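The values are calculated or read from the model by the stated rules, or taken from the named source; none is laboratory data. These numbers come from a predicted model, not from an experiment. Backbone-built Cβ (ideal geometry, glycine too); neighbour counts: all protein chains shown. Surface accessibility is based on the protein's heavy atoms, side chains included, excluding ligands, DNA and RNA. Shrake-Rupley method; radii C 1.70, N 1.55, O 1.52, S 1.80 Å.
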Amino acid sequence: VRLTVKNNQNTDLPIGVVREQEKYAAGIPGSKGRNAAAGGSIEMTSLKGGLSEGGGMSNFDKTLPGFQAVLDLQRQGPNNDHIPRLKFRNFVAMFLLATLTLYSVFGRRSVAFAYWSTYTIQNTLTANGFYDVVLVTDIYTYLSSSSTDGISNALYATGSASLVDYSKLVGTTRIRQVRSATTTCAREITGVTCLPSAYDSSTRATDTIGTLSSSWDIWQDDGLSQSYTGELATYDGSGYLYDFPSTTTAATFLTTISTMQSESWVTSQTQAVFLSFLLYNPSYDFFINSLLSFEIASSGVVIPRATVVPLNVNMFETSAETKYLALDVFRLLIVLYFMFGMIPFEIMYVRAQGRNALSYFLDFWGMVDVGIVVTFFMAFATRFLYLKKSSSTDIFASTTHVELNQEGTYFTQSFIVDSVLGLFTLLRLVKSLRLNRRMHILLLALERAASDIMSYMWIFVPVFMGFAFVACNTWGPSLEDFRDIGVSISSLLRMLMGEFDYVAMRRVNYPWTIAFFVLFYGTFLFLMINIFLAIVVDSYRVIRMQEGYDLAKYKWNFKKLLNWALVVNCRKRDAVPARRTAARGKETV
């Protein structure tokens, strides 16, 4: 026996098989006569009487929690507000911007060529025990190696398939150190001097060292060396430096390093030693800025790092590069249309729904739109302001030291920002896929889940940070992966993916390692992550009930697609459906 309830709008609401609970919920007076077991039926007049006697949907909601919410969702019906916002011309503009951006990123710089340039030089420079440098004496050992894979042969021994046989050494090679003055110790101990925990320009030493027999004994800042951010500190371009002459050979390079060692050029006050030079690979058309750094902690340990950056100092010199300038101008026109055409229409549409313009910029898709504009102008300005200052011809003619750390950073960052622009434009294209009903439902589910996920982050982040504090203090003094709070957070994220060295952690602190793993994985793997999945699944369930399960009637034929593509107006009347829908939503509530 089935019961059909008619509400005030005379809409049929199928309830299900009638049982005693359902009869009570509908407010029907108890009847010992015809019931579900006897195969009878319930008259509509009796049901209406029950509704008027104080039963109805309130009793249903008590018996079947959430029943009223389901009815509200189904009463609202499918959401079609997105259709007037999807313009074919906007889709074409975003498609062109995404295509041209990807073409610009991969056409201006071959990632494969950049990789092989970096790979060859980095592996050549680090082959002879570079990463085995631990003490100050190891620095001399590495620099004074006369083996075929030593630094002297790599830079100055031609005819032995060395670096300079494939790449041209531009300018001169420079060796430089920075030193710190001694400071007051925390505890006064006779015969002990202390140094700052990290290098700082306010505590740097500028006094003359050695016997003044060589130029490297005098502190100087000629403006050619650039600042460098290392593992321990950020170092300026000053220091005690020496430029190897252009006539240097492998033998004279080794002689100079030996003289420095005999004069104890590097002492306990030295905070870092740098060896920098510039190469040019004509086959790949890349300048390759190379910097070998040896940072010395106040405990005496040496931290070696090789930084090799391929770059072009001027991106508008050759005819091929000029082609991309025209492409940038065309992309600029698309972004201007985006700023003064698409974004104002989106704001107009939001206002038609009764919201203010600020809500558009706080929305995810609004942030994507702003990101498109910001990232384009960042990449555009970087190329014009910072990568057009120098000329390749002037650099080739240089007879002094040439260092391009900052230019290499700008060059790399311009491509990264341009790639982010490509990401934003592809996201904007995904929004256009809402014409497909299935894609629309999936995106609605993600948008609905986003607010709950943001609230969930207020629980997830403090708990995760608490575990990071514990991990940093438990293993930080002994393991590199937990040496500070930032690295500890990164290590815990990798731990969630199953990447960690359990044996090394257990050796440091056995009982705390066991307890940490049980609590950490119990909290995140079995609780936090499942809550996240539950939010997404529940959001999809709600959107599916609201949008319905029969998607066939929403399928567009070719005629509808053609009609959508040929719409050219972008006036205020496009926002009328949104205003009407908003009004219907208020009436429904």
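Of note:
- Restricting the first member to segment 437-464 and to residues that are of a type in the set (Phe, Trp, Tyr), and the second to residues that are in a helix (DSSP H, G or I) and open to solvent by 70 Å² or more (accessible area, probe 1.4 Å), the beta-carbon pairs closer than 7 Å and six or more apart or on different chains are 456/532.
- Residue in segment 214-231 that is farthest from residue 204 (Cα to Cα), counting only those that are open to solvent by 30 Å² or more (accessible area, probe 1.4 Å) and among the hydrophobic types (A, V, I, L, M, F, W, C): 224
- Cβ-Cβ under 9 Å pairs, at least 6 apart or on other chains, segment 404-427 side over 9 Å from residue 379 (Cβ atoms), far side basic (Lys, Arg): 407/389; 410/383; 411/109; 411/383
- Among the helices (runs of 4 or more DSSP H) confined to segment 130-196, the ones with at least 2 residues that are open to solvent by 80 Å² or more (accessible area, probe 1.4 Å) are located at 136-143.
- Residue 382 vs. criteria more than 21 Å from residue 426 (Cβ to Cβ), within 28 Å of the chain's Cα centre (by Cα) and β-branched (Val, Ile, Thr): yes
- First in segment 89-113 and touching a residue at least 40 places away in the same chain (Cβ under 8 Å), second anywhere and open to solvent by 70 Å² or more (accessible area, probe 1.4 Å) and of a type in the set (S, T, N, Q), Cβ under 9 Å, 6 or more apart: 113/283
- Any hit, segment 264-287, residues being in a loop (DSSP other than H, G, I, E, B) and closer than 18 Å to residue 229 by Cβ: no
- Qualifying residue in segment 379-389 (condition: surrounded by 15 or more Cβ atoms within 10 Å (Cβ to Cβ) and in contact with a Gly (Cβ under 7 Å, 6 or more places away or on another chain)): no
- Of the criteria (1) open to solvent by 10 Å² or more (accessible area, probe 1.4 Å); (2) modelled with pLDDT of 90 or more, which one residue 299 fails: (2)
- Taken together, the criteria place residue 483 among residues that are surrounded by 14 or more Cβ atoms within 10 Å (Cβ to Cβ), without any contact (Cβ under 8 Å) to a residue 12 or more places away in the chain and either at negative phi or over 22 Å from the mean Cα position of the chain (by Cα) (or both).
- Single residue of 133, 105, 170, 111 found to be within 30 Å of residue 423 (Cα to Cα), touching a helix residue (DSSP H, G or I) at 6+ places or on another chain (Cβ under 8 Å) and not polar (S, T, N, Q): 105
- Residue count for segment 353-375, restricted to those that are touching a residue at least 60 places away in the same chain (Cβ under 8 Å) and open to solvent by less than 60 Å² (accessible area, probe 1.4 Å): 4
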